[in-house]
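See below for the structure under consideration.
The values are calculated or read from the model by the stated rules, or taken from the named source; none is laboratory data. What you see is a predicted model, and the numbers here were worked out from it, not measured in a lab. Cβ: placed from backbone, ideal geometry, glycine included. Neighbour counts: every protein chain shown.
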Amino acid sequence: MMLTIYTFRKLALLLLMSVFALYGTAQDNTNLSIPQEIDQLFKDIKNEPGAAIGVLHKGEIIYQKGFGLANLDYDIPITTKSIFELGALSMHFTGTCILLLENQGKLSLDDPIQKYLTDFPKYAKGQPTIRQCLHHSSGLRDYLEMIKMKGQQVDMAFTAKDGIDLIKRQKKLTISPGSDYRYTNTGYLVLAAIVEQISGQTIAEFAKENIFDPIGMTNTFYLDTKGKVIKNRAIAYEKDSMGYRMVHPFNFVTPGAMQVQTNVEDFLKWMANFEQSKIGNPDFMKQLATQGITTHGDTMSYAVGLEDGPFWNHAMIGHNGYWQGSTAMFLRFYEDDLSIITLSNNSDISAPQKAFQTATQFFERPTAKIIPSTDKAASSATPTLKIATKQLQSYCANYFNEDIGYNRKVYLKNDTLWYANFESPDTWLQPISNNEFKLMGMTRLFKIRFEKEAGQPIMYFRLWTIKL
């Protein structure tokens, strides 16, 4: 089965900018009278898993606060000291480790990964480099997707070594290295292994000595031990018909693409480091924000664990993180000297959404709107159609895209189609025609269309720009 995705090349950037469509000219004015407005964004979070947020403006912490509960068993509240899992935002720190080694002359970003991981196979499409792993153009298959395809769950005992062993058994790449953007967690797991091979330390030890301690991030670390006891930890939860349940994977430990643990107070120090860096060479923080370039000469939106893109025409870099109930979002508006970090332990509370909503409190809302030229402007008021159950059942399948390595599942529940991407809560599909559906519960509007070719179901996935 095949999943064709029109916009997957830009999907990471689209997720990064997950709240509003892009706009035209924006005002440069900044509204700093915002504490009460931010409070309002979180006011409904009370006796449930929640979130924490920190805001840095012109070198000053102007807001930091926790909302909700870090542990439901003992009614422990979330504070700015609560420790959260960063998910894919951890890539930013793994990339930092690599650049520090490059600054020290211990590697070249254009070295093939096999120079350090000598037991990796040689690939027919070419040998991925460290730089291509940093920019998600390595072509390495995603190890998390491979785990899911085997029907395994991420609450099992699984280590970075297990992940590397799994990757080494894959003899083919999804693309020629460097030819295009293909998001994969594997690249950063490989980078962590290279850090360990060169430094002779675990990535947790290297990052502590070279990043976290120099900056004063005393409560930030890579989780590299199964079942580790962590003081002030915010347990991750998701909600079902029975209420909240823990989804925290205590024994799944693969530092590299994820597993950095931190709190708002420490991350505020990291955000301040962008202006007065205490690590690397004088241009180090600029290196982190340098975007990748394909072998065809195209500039990618992805830098080093950071995405680049405008928000209301304000220049911005940032990265999100999603992992088993935990979400995170780091935004930096470098021309406005504004940075935001949001962390959540509740799968129903999107840290990226909260971060962008917070950003809107600082900028005047632009008036110009972009209307797509290829699709009519979508409306959230599209009437719901009644489609026969037999027709809906014909769309139910496990879909897979071999080139990208993503698998998706569509299934029927209570006469409604549901969509599972195995990384965030399942969402339902609202019909807009007999074979087209809106993906509900999203902050941007995604359309899914089902067709058949040679008797095999195909799912097409597309982003609509919406009129706000």
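Observations on the model:
- Single match in R141, R131 (criterion: among the basic types (K, R) and in a loop (DSSP other than H, G, I, E, B)): R141
- Within the range 243-272, tally of residues that are surrounded by fewer than 18 Cβ atoms within 10 Å (Cβ to Cβ) and farther than 18 Å from L69 by Cα: 2
To keep it simple, each residue is scored yes or no on (1) more than 22 Å from the chain's Cα centre (by Cα); (2) at pLDDT 90 or above.
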{"residue": "S18", "(1), (2)": "no, no"}
{"residue": "A26", "(1), (2)": "yes, no"}
{"residue": "T80", "(1), (2)": "no, yes"}
{"residue": "G95", "(1), (2)": "no, yes"}
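- Being outside any loop (DSSP other than H, G, I, E, B) and closer than 29 Å to N47 by Cα holds for only one residue in E209, E238, and it is E238.
- Residue in the range 267-291 that is nearest to L134 (Cα to Cα), counting only those that are assigned to a helix (DSSP H, G or I) and in contact with a Phe, Trp or Tyr (Cβ under 8 Å, 6 or more places away or on another chain): M285
- Single condition Y183 does not satisfy, out of (1) touching a His at 6+ places or on another chain (Cβ under 7 Å); (2) modelled with pLDDT of 95 or more; (3) farther than 20 Å from F267 by Cα: (2)
- Under the condition of being among the polar types (S, T, N, Q) and surrounded by fewer than 24 Cβ atoms within 10 Å (Cβ to Cβ), the residues counted in the range 340-357 number 3.
- Among residues of the range 435-465 being in a loop (DSSP other than H, G, I, E, B) and among the aliphatic types (A, V, I, L, M), the one that is modelled with the lowest pLDDT is M442.
- Pairing residues of the range 252-279 that are touching a residue at least 12 places away in the same chain (Cβ under 8 Å) and on the phi > 0 side of the Ramachandran plot with residues that are part of a strand (DSSP E or B) and crowded, with 20+ Cβ neighbours inside 10 Å, at Cβ distances under 8 Å and at least 6 apart in sequence or on separate chains, gives Q259/E85; Q259/Y222; Q259/V253.
- Matching residues in the range 83-121 - criterion: being surrounded by fewer than 17 Cβ atoms within 10 Å (Cβ to Cβ) and in a helix (DSSP H, G or I): N103, Q114, K115
- Among (1) in a helix (DSSP H, G or I); (2) over 23 Å from T254 (Cα atoms), the one test that K65 misses: (1)
- Scanning the range 323-338 for residues that are surrounded by fewer than 24 Cβ atoms within 10 Å (Cβ to Cβ) and touching a residue at least 24 places away in the same chain (Cβ under 8 Å), we see that the one that is nearest to F84 (Cα to Cα) is Q324.
- All conditions in (1) touching a residue at least 60 places away in the same chain (Cβ under 8 Å); (2) surrounded by 19 or more Cβ atoms within 10 Å (Cβ to Cβ); (3) not aromatic (F, W, Y) hold for N71, with the sole exception of (2).
- Which listed residue, of E85, E60, E37, E48, is at pLDDT below 95 and of a type in the set (D, E, K, R): E37
- Selection within the range 145-161 - without any contact (Cβ under 8 Å) to a residue 60 or more places away in the chain, in a helix (DSSP H, G or I) and either within 19 Å of I113 (Cβ to Cβ) or basic (K, R) (or both): K161
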